[in-house]
Ligand code: SF4
């Protein structure tokens, strides 16, 4: 772990001590579904949709025999609902047929499920199986580049490069903290640099709003994601 990366990670850990997945779930399969639904959608919206969805199709078996039109209806507000409904049902059918009804706990198997990429697979491994994984979403990628940890736009390359800087046991927590920091402070278009706890360490300090008062207005809080 480089000294700079360690210093940045230490501040992220202090800023976001309580690391938890913001999606509501009660089983690996439910987390898989919620993560699929979270593509191009907020966790808050997903958490509004999943109680009804899981009440009806909360297990692999029930989802595998679900009516796709009903799934579409239940998840409509998360966007891209046709593709997501096909992924949910398709994953459940494959898990029933090829994995004995249990969500596989390996990246190489998870990415074989329809609609499941490395990002979704790593979320499931990290939060449902306690297997460390780096989740490179848009926030993680952007922050990695701003921190100088990677120059790549390719999520797989970012994953490998950052994986060399941060100890494996921290990967899941790192992913969550990066995502939180990206959502709350280091925004895509207007990062709140003037209110950022990483101001002294970040090589990109100054690309965003520098006025402390104006920057504070840009900062989002937990309440914005509930
Ligand atoms: S200093 Fe600015 S660019 Fe760096 S992490 Fe903070 S908000 Fe992002």
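State all residues of segment 85-109 that are touching a helix residue (DSSP H, G or I) at 6+ places or on another chain (Cβ under 6 Å) and in contact (Cβ under 8 Å) with a residue 24 or more places away in the chain; if no residue qualifies, say none. Those that are touching a helix residue (DSSP H, G or I) at 6+ places or on another chain (Cβ under 6 Å) and in contact (Cβ under 8 Å) with a residue 24 or more places away in the chain: 87, 88, 89, 92, 93, 95, 96, 101, 103, 107.
Inside segment 212-226, residues that are part of a loop (DSSP other than H, G, I, E, B) and near the ligand (Cβ under 10 Å from one of its atoms) make up a count of 1.
When each of 200, 169 is tested for being within 15 Å of the ligand (Cβ to nearest atom) and within 15 Å of residue 6 (Cβ to Cβ), the lone residue that passes is 200.
Do we find that residue 209 is near the ligand (Cβ under 10 Å from one of its atoms), assigned by TED's automatic domain parsing to the domain that holds residue 7 and either assigned to a helix (DSSP H, G or I) or over 16 Å from the mean Cα position of the chain (by Cα) (or both) in this structure? If you could, list the steps in order and put the result at the bottom.
Details: near the ligand (Cβ under 10 Å from one of its atoms): yes; assigned by TED's automatic domain parsing to the domain that holds residue 7: yes; either assigned to a helix (DSSP H, G or I) or over 16 Å from the mean Cα position of the chain (by Cα) (or both): yes.
Spelling it out, residue 209 is indeed near the ligand (Cβ under 10 Å from one of its atoms), assigned by TED's automatic domain parsing to the domain that holds residue 7 and either assigned to a helix (DSSP H, G or I) or over 16 Å from the mean Cα position of the chain (by Cα) (or both).
Regarding residue 124, is this residue free of Cβ contacts under 8 Å to residues at least 12 places away in the same chain and under 24 Å from residue 26 (Cβ atoms)? No, not satisfied. When residue 160 is tested against the conditions (1) assigned to a helix (DSSP H, G or I); (2) away from the ligand (no atom under 13 Å from the Cβ); (3) surrounded by 15 or more Cβ atoms within 10 Å (Cβ to Cβ), the lone failure is (3).
Looking at 223, 215, can you tell me which residue is modelled with pLDDT under 95, over 30 Å from residue 93 (Cβ atoms) and surrounded by fewer than 21 Cβ atoms within 10 Å (Cβ to Cβ)?
Working: 215 fails: modelled with pLDDT under 95.
The unique qualifying residue is 223.
Helices (runs of 4 or more DSSP H) fully within segment 101-156 that include at least 1 residues being away from the ligand (no atom under 16 Å from the Cβ) and either surrounded by 21 or more Cβ atoms within 10 Å (Cβ to Cβ) or not assigned by TED's automatic domain parsing to the domain that holds residue 170 (or both): 107-110, 118-128.
Of the residues making up segment 80-100, those that are over 14 Å from residue 28 (Cα atoms), in a helix (DSSP H, G or I) and within 18 Å of the chain's Cα centre (by Cα) are 84, 87.
Consider residue 39 carefully, then state whether it is at pLDDT below 95 and buried (at least 18 other Cβ atoms within 10 Å of the Cβ). Explain how you work it out, then say what you get.
Values: at pLDDT below 95: yes; buried (at least 18 other Cβ atoms within 10 Å of the Cβ): yes.
The answer is yes for residue 39.
Checked against the criterion of being in contact with a helix residue (DSSP H, G or I) (Cβ under 7 Å, 6 or more places away or on another chain), more than 8 Å from the ligand (Cβ to nearest atom), at pLDDT 95 or above and under 24 Å from residue 123 (Cβ atoms), segment 185-194 contains one or more residues that satisfy it. What are the pairs with Cβ atoms under 6 angstrom where one residue, in segment 184-199, is closer than 10 Å to residue 219 by Cβ and without any contact (Cβ under 8 Å) to a residue 24 or more places away in the chain and the other, located anywhere, is part of a loop (DSSP other than H, G, I, E, B) and near the ligand (Cβ under 6 Å from one of its atoms)? Sequence gap at least six, or different chains. Between residues of segment 184-199 that are closer than 10 Å to residue 219 by Cβ and without any contact (Cβ under 8 Å) to a residue 24 or more places away in the chain and residues that are part of a loop (DSSP other than H, G, I, E, B) and near the ligand (Cβ under 6 Å from one of its atoms), the close pairs are 196/185.
The values are calculated or read from the model by the stated rules, or taken from the named source; none is laboratory data. On a predicted model such as this, the values are computed, not experimentally measured, just so you know. Cβ: placed from backbone, ideal geometry, glycine included. Neighbour counts: every protein chain shown.
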